[in-house]
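Peer 1: Would you mind keeping the following structure in view while I ask a few things?
The values are calculated or read from the model by the stated rules, or taken from the named source; none is laboratory data. Just so it is clear, the structure is predicted and the values come from calculations on it, not from any experiment. Please note: Cβ atoms are built from the backbone with ideal geometry, for glycine as well, and neighbour counts cover all protein chains shown.
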Amino acid sequence: MLALPPTAFGQQVLRPLGQESDKESAASEITNPFIRERADPWCLRHTDGHYYFTATVPAYDRIELRRAATLAGLARAEPRVIWRKHESGPMSYHIWAPEIHAIDGQWYIYFAAGRAEDIWAIRIYVLACTDPDPLTGTWREKGQLKTNWESFSLDATTFAHRGGRYLVWAQKDPRIRGNTNLYIGRMDTPWSIAGRQVLLTKPQYDWEQIGFWVNEGPAALVRNNRVFLSYSASATDHNYCMGLLTAAADADLLDPNSWTKSPQPVFRSSPAHSQYGPGHNSFTTTDDGKTDVLVYHARNYKEIQGDPLRNPDRHTRIQILRWKPDGSPDLGEPVTDGPLQMPKERP
């Protein structure tokens, strides 16, 4: 099973805003692209029985949140804007890759943002909501999540494991060649890390160094007595792809030697299926909680006119996550656009 953050919200029945009935939604077909013009998708299946979804919007100016009683229902759920960028100063430009997490009875959103005066001064920021309903509740700014040094940093994710909570994120180290590496740190609050941040991976293979030397967009999945961290690499065009880090569940996750890195991409463009640049994923499950699901973005054409970052055609897609006999994830290749064959619910 997926490792979900602890929560104290209980089993509330929350009707999705602008959403059809649960019965109608459950009978609906899932089709890719799942949600159009939404990159860096984050999908949380919460203990209240609902799915929560957020992602980067093409204007890079706000954070949206949507909720549905079923996975299929997210495609039709009404997005609610819960926060907008500032006019100047911190959090005023390049609002990227929000993630929603439920931690100790509160909601948190982690996202990256620059400044209107310095658009590439990207840092990690946190929003918090103490209300039970994050779509109608009040979100408050907790400010910048400080790392061990000040530099380009983004794509923070968090997960709880064996009594501890960890933050994993991408950051530039001026002493290391390239753009961003992945780091891990232990959290002392949901908006801060304590102690030393640890380098997990830097772009070292050719497939991680195309266009840009990038490791970013981490997502954690705890399964089969192991901790898996997927991540994305290279430029955000058709070269964008995903790698995988693996550690034993009982290992010291702050020890770089606890992790092994796949020497090849585990998910990459599929010309045969007309899917290009898949990456920046999250993990969720089917409605019955028994089958893992990969959520990611990709384009359905290869050649991009202009700046890939100004292209809105990175659509959210989903597909079933398979497992190899050795207990490691088998992402396969991006499926073709169209209706998605989902497993029937099992008793």
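Peer 1: Output the residues belonging to the stretch 220-239 that are farther than 15 Å from D330 by Cα and touching a Ser or Thr at 6+ places or on another chain (Cβ under 6 Å).
Peer 2: The answer is H238, and nothing else.
Peer 1: For the stretch 204-219, check the following and say yes or no: at least one residue is closer than 22 Å to P312 by Cα and of a type in the set (D, E, K, R).
Peer 2: yes
Peer 1: With the condition being within 27 Å of S274 (Cβ to Cβ), over 18 Å from the mean Cα position of the chain (by Cα) and modelled with pLDDT under 95, I'd like the strands (runs of 3 or more DSSP E) fully within the stretch 32-98 carrying at least 1 qualifying residues.
Peer 2: Result: empty, no element qualifies.
Peer 1: Among the residues of the stretch 291-326, how many are loosely packed, with under 12 Cβ neighbours inside 10 Å and more than 15 Å from T236 (Cβ to Cβ)?
Peer 2: Looking only at that region, the number is 3.
Peer 1: One residue is enough: does the stretch 226-247 have a residue meeting the conditions surrounded by fewer than 18 Cβ atoms within 10 Å (Cβ to Cβ), aliphatic (A, V, I, L, M) and at pLDDT 95 or above?
Peer 2: Yes, the stretch 226-247 contains a residue that is surrounded by fewer than 18 Cβ atoms within 10 Å (Cβ to Cβ), aliphatic (A, V, I, L, M) and at pLDDT 95 or above.
Peer 1: Right, next: Looking at this structure, is A69 closer than 22 Å to Q171 by Cβ, crowded, with 22+ Cβ neighbours inside 10 Å and small (G, A, S)?
Peer 2: Judged against the criteria, A69 is not a match.
Peer 1: So the check is Cβ under 8 Å with 6+ separation or different chains; which pairs have a first residue in the stretch 220-234 that's in contact (Cβ under 8 Å) with a residue 60 or more places away in the chain and a second one that's surrounded by 22 or more Cβ atoms within 10 Å (Cβ to Cβ) and part of a loop (DSSP other than H, G, I, E, B)?
Peer 2: V227/L253
Peer 1: Every residue in the stretch 312-327 that is under 19 Å from K302 (Cβ atoms) and either more than 16 Å from the chain's Cα centre (by Cα) or free of Cβ contacts under 8 Å to residues at least 24 places away in the same chain (or both), please.
Peer 2: Scanning the stretch 312-327 gives P312, D313.
Peer 1: Further question: If you take the residues of the stretch 172-201 that are in contact with an Asp or Glu (Cβ under 9 Å, 6 or more places away or on another chain) and within 10 Å of T147 (Cα to Cα), which of them is surrounded by the most Cβ atoms within 10 Å (Cβ to Cβ)?
Peer 2: Among them, the one singled out is Y183.
Peer 1: Can you list the strands (runs of 3 or more DSSP E) found entirely within the stretch 254-340 that contain at least 3 residues being more than 19 Å from G217 (Cβ to Cβ) and of a type outside the set (G, A, S)?
Peer 2: So the answer is none; nothing clears 3.
Peer 1: Here is a check on your reading of the model: is S234 at positive phi and either of a type in the set (A, V, I, L, M) or touching a helix residue (DSSP H, G or I) at 6+ places or on another chain (Cβ under 7 Å) (or both)?
Peer 2: Judged against the criteria, S234 is a match.
Peer 1: Evaluate the stretch 211-222: report whether one residue or more is crowded, with 19+ Cβ neighbours inside 10 Å, part of a strand (DSSP E or B) and in contact with a Cys (Cβ under 8 Å, 6 or more places away or on another chain).
Peer 2: Looking through the stretch 211-222, none of the residues is crowded, with 19+ Cβ neighbours inside 10 Å, part of a strand (DSSP E or B) and in contact with a Cys (Cβ under 8 Å, 6 or more places away or on another chain).
Peer 1: If you don't mind, another one. For the stretch 161-178, enumerate the residues that are part of a loop (DSSP other than H, G, I, E, B), touching a residue at least 12 places away in the same chain (Cβ under 8 Å) and not β-branched (V, I, T).
Peer 2: R162, K172, D173, P174, R177, G178
Peer 1: Which count do you get for residues in the stretch 125-142 that are exposed (fewer than 14 other Cβ atoms within 10 Å of the Cβ) and either of a type in the set (A, V, I, L, M, F, W, C) or on the phi > 0 side of the Ramachandran plot (or both)?
Peer 2: Residues meeting the conditions: 0.
Peer 1: Cβ contacts < 7 Å: first residue of a type in the set (S, T, N, Q), restricted to the stretch 78-102; second residue not in a loop (DSSP other than H, G, I, E, B), any location; separation 6+ or different chain. Result?
Peer 2: Hits for this filter: S92/R115.
Peer 1: Suppose we keep only residues that are aliphatic (A, V, I, L, M) and surrounded by fewer than 22 Cβ atoms within 10 Å (Cβ to Cβ) within the stretch 248-290. Which one would you say is farthest from T316 (Cα to Cα)?
Peer 2: Only one residue fits best here, namely A251.
Peer 1: Say whether the condition of being of a type outside the set (G, A, S), more than 23 Å from P339 (Cα to Cα) and surrounded by 23 or more Cβ atoms within 10 Å (Cβ to Cβ) is met by at least one residue in the stretch 38-57.
Peer 2: There is at least one residue in the stretch 38-57 that is of a type outside the set (G, A, S), more than 23 Å from P339 (Cα to Cα) and surrounded by 23 or more Cβ atoms within 10 Å (Cβ to Cβ).
Peer 1: For the stretch 205-219, which residues satisfy the criterion of being on the phi < 0 side of the Ramachandran plot and touching a residue at least 24 places away in the same chain (Cβ under 8 Å)?
Peer 2: Scanning the stretch 205-219 gives Y205, W207, E208, Q209, I210, F212, W213, V214, N215, E216, P218, A219.
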